[in-house]
Each structure stands twice: as C-alpha cells, then as structure tokens.
1. Can you list the trypsin sites (Lys or Arg not before Pro) in segment 14-90 that are in a DSSP coil and have 10 or fewer other beta carbons within 10 angstrom?
2. Towards the positive end of the charge dipole of the chain, with charges on Cβ (+1 Lys, Arg; -1 Asp, Glu), say which of 300, 82, 101 has the farthest Cα.
3. Roughly how big is the chain's charge dipole about its Cα centre, with Cβ charges of +1 (Lys, Arg) and -1 (Asp, Glu), in debye to the nearest 20?
4. Scanning the chain for GluC sites (Glu not before Pro) in DSSP loops with at most 13 other Cβ atoms within 10 Å, what's the longest stretch left with none?
5. Which of the three applies to segment 70-285, rounded, prolate or oblate, going by the alpha-carbon gyration tensor with a ≥ b ≥ c and a/c under 1.5 meaning rounded?
6. What's the lysine pair count for the chain at a Cα cut-off below 25 Å, pairs eight or more apart or interchain?
7. Is the shape of segment 23-136 best called rounded, prolate or oblate, per the rule: a/c under 1.5 gives rounded, else a/b larger than b/c gives prolate, else oblate, with a ≥ b ≥ c the square roots of the Cα gyration tensor eigenvalues?
8. I want the antiparallel fraction of DSSP beta bridges within segment 70-285, as a percent rounded to 5.
Amino acid sequence: MKPLGPIPAGYGEAAGRLTIDGQDVLALVEAAGRTPLFVYSRALIAARVARLRAALPVGVALHYAIKANPFRPVLDTLHDLVDGFDIASGGELDKVVAAGIDPRRVSFAGPGKRDDELARAVACGVTLNLESEGEAERVLRIAERDGRVPRLAVRVNPDFDLKGSGMKMGGGAKPFGLDVERVPDLVRRIVAAGAEWRGFHIFAGSQALSAEHIIETQAQTLQLAARLAEQAGQPVPHLNLGGGFGIPYFPGDEPLDLERVGAALAERLADLPAALAGTRFCIELGRYLVGEAGVYLTRIVDRKISHGEVFLVTDGGLHHQLAASGNFGTVVRRNYPVAIATRYADPVEEEASVVGCLCTPLDRLADKGGFPRADVGDIVAVFCAGAYGATASPAEFLGQGPAAEMMV
Ligand SMILES: *Cc1c(COP(=O)(O)O)cnc(C)c1O
C-alpha cells in the first residue's frame, strides 16, 4: 500500500460521512445536483486569514493571488479580509472588477501582457508589475496616448531562489521580471517619464514548507530591495515580498511553521536598512489562503479488478484535478490526501487505486492507497483542492466539461 497525503485540519465526520463546515457531503452533493463538485469552505478561508493576521507583523499587507482560485464566491469572501489582489491577465482583471474590488487595490504581474490589457489596467488604476523594459516602453506609450499617469512597479528577477520550493520563479535565466543589474536604469526611466513609482515586486518561488527557507528568502529580498533603491536613487514606496507559503499535500509533508516566519519578519522589519525606512510591505499568497479550504467530490461509477488490483472508477479525474493526478509540475507521482467521503469513519480494508473517467493512464487520483471497501455510488473526496484545481485543469479534455463549484 502506498501512503496518502495528510488530510487538512478543520474537516469533520457525522453519521459515518465527511462533513465540510458541519454539512454532510451527501447533502452538499444533493444541493449541487451533481458530481463532480468542488466545495470550498468560507469558514476555513476566514480562519486561515485570521491566523496569518495574528502571525504576520502589524502593517504587512496581505494580498491574494487570484490565479489560485478565481471562483466568484472566493473573491467575495476575501474582498474584506485581505488588503490587495494580484492578477496575471486581463481575464483576471475582468473577474476582480466584476467582483466589485477597487482596482487601486490590485496589482498585475505576468509576462506577455498585451497592449489592450495594459491600457485597461492603466485606465482603472491597477499597479503594473513590469516584467521587461519592452513592456515598460509600451505602457508608457499607451499611458501618454490615453492621457493617464500609470502606476508602475518593477518585478525583479532575484539573484537567489526560494530553496525547497515546488516551483522556482527566480534565480538564473527566467521569463519573469528584470535581471537585477538592469533594474536601477528602468526605475530611473519610469520616474523620469512621470509615472507613479510604486516600488518592487520580488517573488522567488512557491510551495515552500520550510520556515527556514522562507525566512532566508525574505531577508535576501529586503537586502536586494535596499540595494536596488540605493543604486536607483529612489525610495521604495511598496515592496511586494512575494510569498511562497506552501501547504502539505503529500505523505510526510509537515505544515509550515507560520508563527516562526512571522516572528522572523517582525525582527527584520524592526531593523530595516535606511533605504527602506518609508516602505510599505506586502505578502502575496495563493494556495496558502485557499488550498486546504477546498474538497473535490467525485462519485464512484464502477468498481473493477484487474490482475488482482482494485480500481475505483470515478466520474471525475485529472480534467478537474490535474495536480492530484501528478501531472502539474511534479517529478515523482505521490498521493494527495484522498478518502472515501461516504465511509469516512470506516477502517482501511483494502488496497485500491482511484482513477478518473478519462481514457488515459495519467488519470489517477490515488495510487494503491488503503481505503475502506468502497463501491458504486460512494463519494470520493480529494482534499487540498481549493487552489489550482478547477481553473488549472483541462476541463474540456475528452469533452468532459467543468465540475460544479459551491461555497459553504
Ligand atoms: C502564482 C503566483 C503566486 C501564488 O503562488 P502560490 O504558490 O499559490 O502562493 C503569487 N505571486 C505570483 C507572482 C505568482 O505567479
């Protein structure tokens, strides 16, 4: 038997079935009218924000990177709970505007911003995190054409990366941000052009579980920003310190020691280099805010045996949960936290693989895990489904279409 990932805290059981925010999964499936279904818990998201607020130094702003989960009720939940929103496309700009989020609380990063996206962002007061000199020149031209003052920050490709991170976004040749040595010139250019100078965005990586690595990266980020400010001869109004806070997905993963990260950051901020004396700081997080607050529910439609192995075939799969299938940036496939939601209190009785309904061997939600004996009609729960699930999976593959989504 292969181990399964750790089920996040905050879920319950009643009448032998999984409960989400106290509600029976069967009732939730009935309310949605179908499976597969993503259920997100407002209470778990709010609890996570509260824990971050308590751990992070006062005055450090908290931003949500909406690419983790742009579902409207998730945005509505976070509307008053976080300080800012980070977007990475014009489509995401539409989503934050539709949710009534003030564009002045929004920043826009990401390579390959098109002219129409830049123009719309400038027109509504979004801060652009510039990814290159070419992008800077385009946005300055557009702003002049439209008679507007753009709000501009520079995304820096740091000369270090976030150690142990699942996805490296800095260090070495990268499509993201500007190499360190070219940053001061661009800052001077932006200021000379009369733009509103907003500061730096330095994002070194994602999905780190080690407090030590995050603490080290934050220290390096502060040093780098101070050095760049001195070289550019400009103050740094805002410094986006990146994020990278990870959640435990796999067997043996330990949760991040958030309180340690917060305490170390408080110490650093109490002893800032002079160049950052007037700077306001923010942290941008995606999965840490919402990942553990979501569950993917899918119904078993067939139970079959092949060469002595049990396969539980579900009506869901990698078209909604690409990451759980091991096909979203992981090298070695390991099991997510997966359980039989309708036999949640039962002991492990057999080894089984949970597979999806797609006609590809990649479509596996759990490989040779230990489960209670489950049958057709039972509901499987895949945890840690609140981030990079519904919108980060190829829903149209094989004509399957999207899953239902609901907030409780
Ligand atoms: C993807 C991304 C994030 C969010 O990453 P998580 O691992 O979900 O926290 C934050 N900032 C930037 C620039 C990103 O590209």
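1. Of the trypsin sites (Lys or Arg not before Pro), not one in the loops of segment 14-90 has a Cβ with at most 10 other Cβ atoms within 10 Å.
2. Value: 101.
3. Dipole of the chain, to the nearest 20 debye: 540 debye.
4. Answer - 1-348.
5. Oblate, because a/c is 1.5 or more while a/b does not exceed b/c.
6. Close lysine pairs under the 25 Å cut-off: 12.
7. Oblate, since a/c reaches 1.5 and b/c is not below a/b.
8. 10 percent
Each value in this text was obtained by applying a stated rule to the coordinates, not by laboratory testing. Note that the structure is predicted; figures quoted are calculated from it, not measured. Reconstructed Cβ throughout: ideal geometry from the backbone, glycine too, with neighbour counts over all protein chains shown.
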